[in-house]
Amino acid sequence: MIDPRHTDWWRDAVIYQVYPRSFADSNGDGIGDLPGITSRLDHLDRLGVDAVWLSPFYPSPQRDGGYDVADYRDVDPQFGTLADFDRLTDGAHALGIRVIVDLVPNHCSSDHPAFQAALAAASGSPQRALFHFRDGLGANGELPPNDWPCMFEGPAWTRVTEPDGTAGQWYLHLFDPSQPDWNWDNQAVRDDFESTLRFWLDRNVDGFRVDVCDALVKADGLPDWPHPTHGVVEPIDGRMPPMWDQEGIHDIFRSWRRVLDSYEGTRILCAEAWLPSERTARIVRPDEMNQAFNFAYLEQRWDAVAIRSTIISSLQANDVVGAPTTWVLSNHDVMRHASRFGYDGTVALEAGVGADDPQPDRALGLQRARAATAMMLALPGSAYLYQGEELGLPEVTDLPDDVRQDPVWERSGHRIRGRDGCRVPLPWEATKLSFGFSSVSSSDTWLPQPDYFGPYSRDSQNDDPESTLCLYRRALEIRRTLTGPIRWDESAADGTIAFARGDVKVLANVNGEPAALPEGASVILSSSPYAEPGSQVPPNTTVWFRCEEA
Ligand code: NOJ
Ligand code: CA
């Protein structure tokens, strides 16, 4: 059970991300749902995670995988009902697993009643003031109000047809045109989101992951920004881009902190913001959010120097504000790390891979992914896992193009394939239709599963001590005993990373020569089958070990 006195639970929590559409389907329609998740809670319990974060399951036309919310306080019928949500939360809590939901405050769906009302209302109306409506530039207002690009390609503005049929104002959408940005300068927007927070807190959620939280406040006057706005955003000439990381965001987070703190136990806020570490750290100051995703870590290529220096800079940046550092290797937006590491060098994280593109080395990628995860799970702080990575699941890099759903595929004129490859429904049982994803016998899943998913299924790995699943379970179990800060072993050979937590030592041989363990070392975890004592730790391998007292 959840113990409300355990107020620091989040500081070292392992938080498992569920992408509801792709986790488990209870009614055979090929789409994952909340009862499906509830039916598989035993998997999360046995894995040993502390919390589950659910990507959006709210009513939505699903133009951006549910990050286009039409109603913030309900469950989309395709995912179930509020009663199903309560059953899921109660079931998780009974197992001691906390529940975090996704808050999407930067934008809603264009189907949201407030946006529909804004479209129907006049320019300058209170309804339009909830969003960013502006007149266009040019003689007839035919040009967008500024030069901002949309994250899914094209301009960040769409022109509306006014109720009288004339071409009219433009509205701002940093993402898809179906995702209009809220105007956070408007107190009514702030009040409405506070009601949403309370709605879910009253239903006993343990926290919120906050989508693109760094975009809520835009610079006054929405000035042009003739620089790139994608990726980790850096200040230029001392100025942050006018749509990211504006100072005003912090007051919003402080007001949310006060709401969460008025509830029993510790409810947490986790920031999604692709910012440099020292900027992200400002979001997790003591009176703001609890933690933030460490995307700098996720972005590192398989290289010991790059990884080690990112660990050090991440810890330093968070130590300044007293927040735990988090670690993450995969999520629903990026190529799964078991495939990313199957390429040499850096890969485009969100661009997707098609069947005709160079394919990753699947075996090498998996070996490195296991080593990367074993290293990550030994680090101090909190770790995020993405569903399926505990199965060693690869990115699906050969999806047929005609099934793709990521809006960037169409927006980019079929140039950027996007993020569907990491969202393919999970395999549970190798011999069943849809690999057991649908509990009702059916082979149709909303994205097709490739044949090669079979050996990755949960049941194929359950009892195999060498499996990726058993590696994760064992790492999570031992992780609970790891205490204290990181102590670096500065004598580590080139290409390796070595450190200790308490009496557990960690040697990650990333891209070095085979490395010897010290005499008397007894290995307690190895990311790849590790031979007899005395043999060498090969590259792409992480081991945890203890040394016998002299
Ligand atoms: C980040 C989410 O993780 C991603 O899936 C989504 O497309 C954008 N934010 C927009 O909400
Ligand atoms: Ca379903």
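Values in this text are rule-based calculations from the coordinates and carry no lab data. Here the structure is a predicted model, which means the values were calculated and not measured. Virtual Cβ from ideal backbone geometry, glycine too; neighbours counted across all protein chains shown.
General remarks:
- In the range 223-279, the GluC sites (Glu not before Pro) that fall in loop regions by DSSP, at most 16 other Cβ within 10 Å: GLU247, GLU264
- Separation between Cα centres of the range 271-319 and the range 64-91, rounded to whole Å: 30 Å
- Orientation-averaged projected area, Cα convex hull of the chain (nm²): 25.6 nm²
- Per-residue packing, averaged as other Cβ atoms within 10 Å, sorts the ranges 469-479, 56-66, 110-120 into the order 56-66, 469-479, 110-120, beginning with the highest.
- Burial ordering of ILE249, ILE312, ILE268, fewest other beta-carbon atoms within 10 Å first: ILE312, ILE249, ILE268
- Cut-off 17 Å (backbone N to label point 7 Å along Cα→Cβ of HIS230), residues of the range 260-288: 274-275
- DSSP beta bridges in the chain [antiparallel fraction, %, rounded to 5]: 55 percent
- Cα gyration tensor shape for the range 335-441, rounded if a/c is under 1.5, else prolate or oblate: oblate
- Backbone phi angles across the range 339-356, fed through the Karplus curve with coefficients 6.51, -1.76 and 1.60 (θ = phi - 60°), yield HN-Hα couplings of 9, 3, 6, x, 10, 8, x, 8, 10, 6, 5, 10, 7, x, 10, x, 4, 8 Hz in residue order; Gly and Pro are listed as x.
- Cα-based shape type of the range 113-172, given that a ≥ b ≥ c are square roots of the gyration tensor eigenvalues and the cut on a/c is 1.5: oblate
- Ranked list, fewest to most other Cβ atoms within 10 Å of each Cβ, for ILE311, ILE497: ILE497, ILE311
- Taking the number of Cβ atoms within 10 Å of each Cβ as an exposure proxy, the fewest-first ranking of SER195, SER314 is SER195, SER314.
- In the chain, helices alone account for a calculated mean residue ellipticity at 222 nm of -7000 deg cm²/dmol, with every DSSP H run of four or more residues adding -39,500 (n - 2.57).
- What separates the Cα centres of the range 479-541 and the range 32-61 is a distance of 33 Å.
- Prolate/oblate/rounded call for the range 483-547, Cα gyration tensor, a/c under 1.5 rounded: oblate
- Distance between the modelled labels on THR7 and ASP356, one decimal in nanometres: 6.0 nm (7 Å Cα→Cβ projection).
- With respect to the chain, whose longest principal axis is taken over its alpha-carbon atoms, helix 249-261 is tilted by about 70°.
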